[in-house]
Amino acid sequence: MRKTILTGIKPTGQVHLGNYIGAIKPALELAKAADYKAAYFVADYHGLTKINNPEEFRHLSYGIAATWLALGLDPNKVIFYRQSDVPEIFELNWILSCFTSKGLMNRAHAYKAIVDSNKRLDKDIDFGVNMGLFNYPILMAADILMFKTEVVPVGKDQVQHVEIARDIAESFNNSYGETFLLPEYKIQDDTAVLPGLDGRKMSKSYKNTIPLFEDPKKLQKLINKIKTDSLPPEAPKNPDISVLFMLYKEFATFVEVEKMKEQYIKGIGWGEAKKELFNVMNRFIEEPREKYNELMSSPEKIDKILKEGAEKARAISVPFLKEIKSKIGF
Ligand code: ADP
Ligand code: TRP
């Protein structure tokens, strides 16, 4: 039996290199493996916790979908849909919320981080928290449990959410018997967290990102902004602690990586290393960028693909929700 693998990305900003290396690239590789059947989606309702401008919301949602497609997701092999096109997920969201203790949500990292910051600033602890943000992990559990997901590929910051989904599943199963599968997370060990331009985690929230489909001129400029140390060009450099090398590895061929490693050890100027990085990155991005721009200029193509994906998703969610409701006694 092939295992079900599922992941989503919320449309809260332009897709950046961290998203690509930490989430999209590994997920696309797993989708090609014979032992998995994949379901990937645009987590638009999750995005609503942050984005309240309709134009921006629509544009960012299309952007996530176009990114997956431009990078090679094959909608004939992967169930690819928009979360909001599968309403059963929201019915399940309510059901699951009745099996989730409030204490569990109080302990969720994202919520706790806001509370801690409010305390530091002497504000009301729940300042700036909407209920969508507070309940975020329950909707994510519904996403995962609805499709009997076994493996969830995510970045490190999402691990707790997958653990919460397991807890909620167990709580439901304890009352009604085996219903939900307990999901496991899968993180990329070697590229767990990609730093951004300022050295902190690359994140939309910190405005320190390199967008994946940036045009060549801007891409070169952003690469030039990546922080390096002040070693002179001829000094030997350690590739294992260099962000430039970490990125180079993701886009260069095996032979190129080996050569670059030698150059680091012998001594390479940071300017030169940045130019080489730009070359391999731009070479890789060129084709998907064109495809991305093409899709973004004909959103009806994206809609069609997502609608077809939602039908496939609903062929699973409709009967499963029926089964769940009948167990409850509806
Ligand atoms: P952001 O922090 O920019 O808002 P998201 O929370 O939308 O990113 O993350 C989408 C996916 O990309 C998640 O699986 C997340 O773990 C991964 N991801 C985000 N930033 C990075 C990073 N800097 N390095 C590695 N993976 C990342
Ligand atoms: N919370 C995830 C993120 O911020 C997005 C997401 C929503 C997700 N539902 C999911 C990821 C289900 C994996 C599985 O990146």
**Fill in**
Percent relative contact order for region 213-293, counting Cα pairs under 8 Å at least six residues apart, stands at 42
**Item:** Relative contact order of region 1-137, defined on C-alpha pairs under 8 angstrom at six or more residues apart (%)
**Value:** 25
**Complete:** Expressed in angstrom, Rg and Dmax over the Cα atoms of region 213-293 are 13.0, 41
**Request:** Compute the separation of the alpha-carbon centres of region 121-191 and region 1-27 and state it in Å as a whole number.
**Result:** 16
**Message:** If packing is taken as the average number of other Cβ atoms within 10 Å across a peptide's residues, how do 9-22, 265-278, 105-118 rank, most packed first?
**Reply:** 9-22, 265-278, 105-118
**Asked** Could you give the distance between the Cα centres of region 290-310 and region 53-87, to the whole Å?
**Response** 8
**Prompt:** Based on Cβ point charges of +1 for Lys and Arg and -1 for Asp and Glu, what charge dipole magnitude is obtained for region 213-293 about its Cα centre, in debye rounded to the nearest 20?
**Reply:** 260
**Prompt:** Near the amide H of residue 208, under 5 Å away, which other amide H atoms are found, from residues 5 or more places off or on another chain, if H is placed in the peptide plane?
**Reply:** 203
**Prompt:** In region 161-205, which residues have a backbone nitrogen under 17 Å from the label point lying 7 Å from residue 121's Cα in the Cα-to-Cβ direction?
**Reply:** 205
**Prompt:** Suppose every K and R has +1 on its Cβ and every D and E has -1 on its Cβ; what is the size of the dipole of region 44-193 about the Cα centre, in Debye to the nearest 20?
**Reply:** 280
**Prompt:** If amide H atoms are built 1.01 Å from N in the plane of the peptide, which residues on other chains or at least 5 residues away come under 5 Å of the amide H of residue 38?
**Reply:** 5, 79
**Request:** Report the one residue of 273, 263, 213 whose Cα lies farthest in the direction of the positive end of the charge dipole of region 213-293 (charges on C-beta: Lys and Arg +1, Asp and Glu -1; origin at the Cα centre).
**Result:** 213
**Complete:** If the chain between residue 326 and residue 229 were fully extended at 0.36 nm per residue, the gain over the current Cα-Cα distance would be 28.7 nm
**Fill in**
Under the helix-only model (-39500 (n - 2.57) for each DSSP H run of 4 or more, divided by the residues of the chain), the mean residue ellipticity at 222 nm, to 500 deg cm²/dmol, is -17500 deg cm²/dmol
**Prompt:** Given the Cα-Cα distance of residue 178 and residue 255 and 0.36 nm per residue of separation, how much length would full extension add, in nm?
**Reply:** 22.7 nm
**Prompt:** By a straight-distance test (C-alpha under 20 Å), which aspartates and glutamates pair with residue 3 as possible cross-link partners, with residues fewer than eight away in the same chain excluded?
**Reply:** 29, 35, 74, 143, 150, 163, 170, 178, 184
**Asked** What's the FRET efficiency of residue 76 with residue 157 using the Cβ-Cβ distance as r and R₀ = 35 Å, to the nearest 0.05?
**Response** 0.65
**Item:** Karplus-derived HN-Hα couplings along region 248-258 (A = 6.51, B = -1.76, C = 1.60, θ = phi - 60°), whole Hz, x at Gly and Pro
**Value:** 4, 3, 6, 10, 9, 7, 4, 5, 4, 5, 4
**Fill in**
With +1 on the Cβ of every Lys and Arg and -1 on the Cβ of every Asp and Glu, the dipole magnitude of the chain about its Cα centre, in debye rounded to the nearest 20, is 280
**Members of 25/119; 77/201; 10/112 lying beyond 29 Å, as alpha-carbon distances in this model show** = 25/119; 77/201
**Prompt:** If R0 is 51 Å, what FRET efficiency do you get for residue 318 and residue 198 from their C-beta distance, rounded to 0.05?
**Reply:** 0.65
**Kirkwood Rh, angstrom, the chain [1 / mean 1/r, Cα pairs]** = 21.4
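Every number in this text was worked out from the coordinates using simple rules, so none of it is lab data. What you are looking at is a predicted structure, and each value in this text was computed from that prediction instead of being measured. Positions of Cβ are generated from backbone atoms using ideal geometry, with glycine treated the same way; all protein chains shown enter the neighbour counts.
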